[in-house]
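S.K.: Here it is: the structure, laid out below.
Every number in this text was worked out from the coordinates using simple rules, so none of it is lab data. Note that this is a predicted model, so its numbers are computed, not measured. Cβ: placed from backbone, ideal geometry, glycine included. Neighbour counts: every protein chain shown.
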Amino acid sequence: MWFQWRDPDRAWSGLDVPCTKDDIDLFHASTVVTVGNGALASFWYSNWINGSVARFIAPSLFVKSKRKNITVQRALLDNKWISLISPVSEATEIKEFVLLWEAIQEVSRELDRADEIRWRWTSNGEYSSKSAYLAQFHGSHAKLKLNPIWKAKAEPKCRFFAWTLLHRKILTANNLQKRGWNNDPICKLCKQEPETVDHLAKRCTFLKSVWGCLCSWFSLPLAEFGSLLFYLSLVEAVQIESGER
């Protein structure tokens, strides 16, 4: 959607852009449009009314509009946007019509200039995929402290397995069932309980005995059994013992 503005000569220009509704909403929320001739700016979606969006000023009128993708240029030509929402009869619609009309009248346009767009999340106003990615996680925080995993002195495949395990994404029976794959739900090691991530990592009686043997061999405290870092330290210890590292 950014390149539709900045590089309209691309081969796919004029075709439907494969964006979801969330993508479109994110794009319009992340951009500020300075409207000129109005040929590119969307009347209902673009942020062109002095920091506001028409569909938020008049949500009821937006719902009943017959052409929601109309440009500012076409919408303001002979006030065509009014005919596209007519008739306006309900009290709420009349109130929104007045608010939208007044807001539009306050917009100053330079008809001899093209519309300009600016990306909110970068200092230079240019789009970047990194800023778009970070914008979607603004205000959130990671529940898991994963840095120790990637810094552990272990094989990459072991670190990746630990990372996948903490996200509960390894292909245990319950995760296979979610994908609709045929599977035996019972753990193949202990043959007692359903195979889940928690069971495989902590509760399986067979694995507990394996952990106990490893702790005994390397003189490590069994109390650290539930820790992924402990798992990684065991992996490293095994590799050192076998001469691999």
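S.K.: Percent relative contact order of the chain, based on C-alpha pairs within less than 8 angstrom and at least six residues apart? Working shown, then result.
M.R.: Working: 244 pairs, mean separation 35.8, N = 245.
Across the chain, relative contact order equals 15 percent.
S.K.: Using the Karplus equation 6.51 cos²θ - 1.76 cosθ + 1.60 (θ = phi - 60°), what ³J(HN,Hα) coupling, rounded to whole Hz, does each residue of the range 187-197 give in order, writing x for Gly and Pro?
M.R.: 3J(HN,Hα) across the range 187-197, in whole Hz: 4, 6, 8, 9, 6, 10, 10, x, 7, 10, 4.
S.K.: While we're here: For every helix of n ≥ 4 consecutive DSSP H residues, a contribution of -39,500 (n - 2.57) applies; sum these over the chain, divide by its total residues, and give [θ] at 222 nm rounded to the nearest 500 deg cm²/dmol.
M.R.: The per-residue figure over the chain is -12000 deg cm²/dmol.
S.K.: Relative contact order for the range 2-135 using alpha-carbon pairs under 8 Å, separation at least 6, rounded to a whole percent?
M.R.: Relative contact order here is 30 percent.
S.K.: OK, next. Stretch residue 128-residue 193 to full length: gain in nm at 0.36 nm per residue minus the Cα-Cα span?
M.R.: Here the answer is 18.6 nm.
S.K.: Please report, largest first and rounded to whole Å, the three semi-axes of the ellipsoid equivalent to the chain, where each semi-axis is the square root of five times an eigenvalue of the C-alpha gyration tensor.
M.R.: 59, 22, 16
S.K.: On to the next question. Using a simple charge model, +1 on the beta-carbon of Lys and Arg, -1 on the beta-carbon of Asp and Glu, nothing else, what dipole does the range 14-150 show about its Cα centre, in debye to the nearest 20?
M.R.: Computed about the Cα centre, the dipole is about 420 debye.
S.K.: Local charge sum around residue 1 (other residues, Cβ-Cβ under 13 Å, Lys/Arg +1, Asp/Glu -1)?
M.R.: -2
S.K.: Next question, about the same structure. Any chance you could give the angle, 0 to 90 degrees and rounded to 10, that helix 205-218 forms with the longest Cα principal axis of the chain?
M.R.: 70 degrees
S.K.: Hey, another quick one. I want to check a number: in the range 2-135, how many lysine pairs have alpha carbons closer than 29 Å, given a sequence separation of 8 or more or different chains?
M.R.: Here the count comes out as 13.
S.K.: Roughly how many Å is it from the Cα centre of the range 56-135 to that of the range 173-196, as a whole number?
M.R.: Here the answer is 53 Å between Cα centres.
S.K.: Here's another thing I want to ask about it. Using the Cα centre of the chain as the reference point, and only Cβ charges (+1 on K/R, -1 on D/E), how large is the resulting charge dipole? Debye, rounded to the nearest 20.
M.R.: 760 debye
S.K.: Which order do the peptides 41-47, 119-125, 4-10, 81-87 come out in when sorted by mean C-beta neighbours inside 10 angstrom, highest first?
M.R.: So the order, starting with the most tightly packed, is 41-47, 81-87, 119-125, 4-10.
S.K.: Right, another one. With label points built 7 Å along Cα→Cβ from the Cα atoms of residue 77 and residue 101, find their separation and express it in nm.
M.R.: Calculated label separation equals 2.3 nm.
S.K.: Testing the spin-label approximation: label points 7 Å from Cα along Cα→Cβ at residue 177 and residue 69. State their distance in nm.
M.R.: Once both label points are built, they end up 4.4 nm from each other.
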